[in-house]
Every structure is written in structure tokens, then in C-alpha cells.
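The values are calculated or read from the model by the stated rules, or taken from the named source; none is laboratory data. Only a predicted model underlies this, so the values are computations on that prediction, with no experimental measurement involved. Neighbour counts are summed over all protein chains in view; Cβ atoms, including those assigned to glycine, are modelled from backbone coordinates with ideal geometry.
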């Protein structure tokens, strides 16, 4: 598949933004009273969000999960509003009601995000049903992890999506760990994609650290879905560099394993290809990096300067 | 006026709303092609009239059915999905409790989930506790859900139409026994507001607060009590969330006595909430301790004499009313 220069640069930009955004969070969440609650990062997995979202149109919908930063940034969420929400500020995209875990950005068609593992697939099925009902030529992407595929809700959702030929992309980021359980400790089947056979839909295994391969597979699955041929289960093999959350000491992840995967980082892979192809010069790359640094810095400044919500605002937004 | 069972009244509401709004669709197990063929059932005939695009028979997949409603509603459709029996709610509960109820709040009010989950409930069908278990208190405990439990066919029609038009998730619980109790139902398009109780019988001596099928028990008890010169006032709550405190407290202040009657089991039942409200806001009006008449704390048994033992009846209500009038 021919991938345009513009798409490639868009993916590189997205990878860099997500990485820098999370590198900042890695440090910020260590500072006492700076960021409330948990901090769950997707560092090392950014190529999945970057590649999949590059294959989408703005009207396409994503339903994501607790490890959502790269998905939302790649789909076009405003880093300032995300950062302010992560800080628990009034100016955050969800007025401080969500925090980092359930960031909802309807403006970019990410209308709800769930931290309940396995919560996303049934909702994605409903959202895709609405696209089919209205005869829209759009899809819904459901980002899940490997752990979610052991939830009953996943199987109910895939079955229904297959039965009704709904335009869903079940995007599974197999990052090798569900909580503290290594993949082979929680799932017997060798590839999650094999589970697709049980529902008579295509299941494909793709290198999740290769943004271009991710993009290509998502374009193909999207085309199928839009043509009315139903859902695809795509398994992206990748790796969770950080713990489940930042309080996780990762005692169960071998150091050599982490290092081996860090050597397969998705950023240099795409960057070096673009440099070699002459699609970006070293100077332009430097500029792009500086721009991403500035965006993250601005987001942090915006979040820090923003007020907290007033306590009584807790009572708002329960009912429409 | 036409006499309809509650199932037929619900059918009229669904049909009228589907004709009015093309975004309304139905989904559930056997709602189109079902194992039972009775014109008394809520979705009878709708598949034929509206077709399989809008009346979706689903696999036996409660989580997927509820998720379908959550996802379709956030897109602006108006799903009305059916969970066949209230106890099967547990299989759909993550989608309802963690998602339908909370996602609007989590979005800071940006996303809305205008969905209706219809559930059949109630003892009296001899099916035992995994089909008969009234769980309204569970859902009432989840902020973000509205909870409606109609007692009459006419109320069911007007309340369901309001539920479908409501911008929030509404849990609509229908007692199966009421499907077969005829009542007068206006033919026109009318709405009954969610959150408004209805005084079904005026009285001066004791307030009986109730909902769903137990209204019938209260009405029969009222006739018997009247023969002894006791006038109970029956407040049909109709909606548990939001609760019509004004009507309820107004009645308690008028009579000075309260009995709360529900079919669900006692511990943690919604009667406790009504009782606490009475104590907090109308204590000075109470002339006697309040009473609860509820199912006992047992699973609903299957055998007819055991099931009858489970169900609150006129006798138990009359005893409670007379007790607090002593």
C-alpha cells in the first residue's frame, strides 16, 4: 500500500507528541499533590494509536480505555484540555469529573472512555450500530488490551458485531501483560487474533511497533467495515514499557525483556525510515520535536494555571 | 375508553414513539420472533409493522444488549432494549451501572445516554427466584439512572413515552402479572412526567406508599378497611428516581401515619429509603411508628403455596395499618 508523505509525517508527529506528553506525566506524577489518582501510561505502544487514527476520518469514532493518551492525541484531542483534566482542573475536557482514566472527548468523536476492562466492546457495538442504522460510511474503533479478551462482554460484543456485520474495528493492543499477569499466564491461545475464527470474522496479527504496518492494517479493516463486510479483530503485538500504573514496581517484568522491547521502540523505527526516504530532513525533525515539546509545555502551563472546580460542581452533570 | 393490559399499553407507547421518532429502535431477546405469541405482550406485532431494521432480535447476550443501548444512545439514537427478566439484569449490570449511569458524569456533561432498559419483574408466575426477583432498589442506588415502576396500564403508556423522550438512562420495570390486568388507557398521545407520584386513593387515616403490582393489593385492602371505617391514602410513587418527595411528604403530613408496601425483599429494599425520608422530613407529623410490608428476606420460591407466602397481600397490609392505628 502506498502511504502518502503527509500520512507518514502525521504519524511521526503523533508518536512524538504522545511520547513527550507521557514522559512529562511520568515525572509530574511523582511530585506530591501535583496529579491526583492513578497514572496509567501507554509508553512504547504509541504506534497503535498513531497508525490506527491516521487511518480514520474525523467522523469515525473511537471508544478507548484506561490507557488512552496516545489514542486521544492521535485522534486530535487538544493536549491542553487533556492535561488540565489529568490535573483535575475545571478547564479539563471533562471539568475534572474524569481525571486521567476516563477522558471523553466528544469533539473528536471519542464520546466515552471506560476503565472497566471489557467495558468498551459492547459500547463500540452500539455506536457502530448507530452508524449502520443511519447508513453512515464510518466506523467505530474499539481499543482494548489483551486482558479484555478474557471478559465475557468482549465475546458477546464480537458475536453481535459479526452477526449484524457492524462497522467495528476491534483493536487489541497485546502489550504482553494484563495487570501483573504475563500473556501466557492468562490466555492459552497463541494469538488473540485466532479468537476471531470463533466469530467468523477476520483476525490479523500485526507488528504493533511498526506504525506503517498498523496504518495499513487499519485502512484495510476500515475499508471492509465501510463496505458492509463487518468487523475485524486486529491484534497488535507490542509491549508495556511501564507498569500497569506508575505505582507498579514491575517486579514481574524481566529487565532484559523491557530492554529488548525498548530496542524495538516505534519512534526510531518510523523516524529513521522517513529520514532514509528523505521525507523529512534532520533539521525538520528537530523542528518537529521542538514543536511537540512546546505543545506539551503549553499544556502543562495551562493545566497548572487553571483553577480547580468549586466543590459544589460535584453535584452537576449527573442528569441531562 | 379502551381496556388494555399493561403489556398492550406498553405496546401502544412503543408503537406511537416509533412512529413519531425514526431514531427509536427496539432490541432484545425474542422481542420480534419470540417463543410466546400473545397480543398481551409488549412487543407483539412490532416486528411486522416496523421491520427487522428497527426491531432487533438479539442473541442471548445481556451485556451486548445493554452495551448496544449505551453506544447507540451516545450517538443520539433512542434505544429501548429489553432485559427479559429483572434477575438477568446482573448480566447487563456492568453496562448499566458502570456505563449508562456514569459516562455522562465522567464526560463532564458532554455526552448523553438517552436510553430505556425495560425489564420484566415480579413474583406470581411460579418461575422461581431466578426469574422473579425485584431489584429496583439496586438500580435506584446508582446515581445517573432514573427508575420507573408503573402500576397501571394507563400510567405505563404515559411513563414509557416520557422515558423514551428523556435525555437520560431510564430503567423501566414492568410486573408481568400486570400484563394481564385490564385497565382503561386513553387512545391519544399523552405523557406522564417521570418523577411525579400519583395519589390513587384519598384517605385521612394512614398513608400507604407503594408502586407497581402492590398498588392492586393496596386498593383491595382499602376497600376492606373502609368497611371498618378506616380510610387509607394510597400514594403510587410510579417513579423511584427521581422521587416525588412533595406528594409523599404531603400525604404523610396529612395522615400522620405511614406504611410502605413493596413486593421486593425487605433488607435494603426501597421502603427503607422512603421510611428514612419520612423520619428526616416529616417526623413531627408522625403519630405512630411507620411500618414496612414487604417480601421476606428469602429468594422467591416456586411452589404455589410458598410463592403466595412470599407475596405481600391485603391481609398483611391490613394488619400493619390496624397496628399503627392502635
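When segment A:290-320 is filtered for residues that are surrounded by 16 or more Cβ atoms within 10 Å (Cβ to Cβ) and either part of a helix (DSSP H, G or I) or touching a residue at least 60 places away in the same chain (Cβ under 8 Å) (or both), the ones remaining, listed by number, are A:292, A:295, A:296, A:299, A:300, A:302, A:303, A:306, A:309, A:317.
Among the residues making up segment B:121-138, those that are closer than 25 Å to residue B:12 by Cβ and crowded, with 24+ Cβ neighbours inside 10 Å are B:121, B:122, B:134, B:136.
Among the numbered criteria (1) crowded, with 20+ Cβ neighbours inside 10 Å; (2) over 18 Å from residue A:48 (Cα atoms), which single criterion is violated by residue A:184? That leaves (1) as the condition not met. Checking each residue in segment A:209-238 for being part of a loop (DSSP other than H, G, I, E, B) and out of contact with any strand residue (DSSP E or B) (no Cβ under 7 Å at 6 or more places or on another chain) picks out A:209, A:210, A:227, A:228, A:229, A:230. For segment A:118-145, which positions are more than 10 Å from chain B (Cβ to nearest Cβ) and surrounded by fewer than 22 Cβ atoms within 10 Å (Cβ to Cβ)? Within segment A:118-145, A:135, A:137, A:138 meet the criteria. Helices (runs of 4 or more DSSP H) fully within segment A:23-114 that include at least 2 residues being modelled with pLDDT of 95 or more, buried (at least 21 other Cβ atoms within 10 Å of the Cβ) and within 13 Å of another protein chain (Cβ to nearest Cβ): A:79-86. Per this entry, residue B:43 is counted among residues that are more than 7 Å from every other protein chain (Cβ to nearest Cβ) and either modelled with pLDDT under 95 or crowded, with 18+ Cβ neighbours inside 10 Å (or both). Taken over segment B:1-28, residues that are within 14 Å of chain A (Cβ to nearest Cβ) and surrounded by 20 or more Cβ atoms within 10 Å (Cβ to Cβ) amount to 7. Filtering B:92, B:100 for residues that are assigned by TED's automatic domain parsing to the domain that holds residue B:141, in contact (Cβ under 8 Å) with a residue 60 or more places away in the chain and under 21 Å from the mean Cα position of the chain (by Cα) leaves a single hit, B:100. Among the residues making up segment B:19-40, a single one is farther than 17 Å from residue B:85 by Cα, touching a residue at least 60 places away in the same chain (Cβ under 8 Å) and in a strand (DSSP E or B): B:24.
Against the conditions (1) closer than 28 Å to residue B:300 by Cα; (2) more than 10 Å from chain A (Cβ to nearest Cβ); (3) without any contact (Cβ under 8 Å) to a residue 40 or more places away in the chain, residue B:51 satisfies every one except (1). Among the residues of segment B:1-24, some residue qualifies, meaning at least one is under 25 Å from residue B:110 (Cβ atoms) and in contact with a helix residue (DSSP H, G or I) (Cβ under 8 Å, 6 or more places away or on another chain). If you go through segment B:196-220 and keep only what is buried (at least 18 other Cβ atoms within 10 Å of the Cβ), within 17 Å of the chain's Cα centre (by Cα) and part of a loop (DSSP other than H, G, I, E, B), you end up with B:197, B:211, B:212, B:213. Can we say residue A:259 is under 22 Å from residue A:48 (Cα atoms), in contact with a strand residue (DSSP E or B) (Cβ under 7 Å, 6 or more places away or on another chain) and away from chain B (no Cβ under 14 Å)? The answer is no for residue A:259. Note on segment A:156-191: residues that are touching a residue at least 40 places away in the same chain (Cβ under 8 Å), part of a helix (DSSP H, G or I) and within 13 Å of another protein chain (Cβ to nearest Cβ) amount to 4. Filter segment A:258-277 for residues that are surrounded by 15 or more Cβ atoms within 10 Å (Cβ to Cβ) and free of Cβ contacts under 8 Å to residues at least 12 places away in the same chain and give the result. Across segment A:258-277, the qualifying residue is only A:275.
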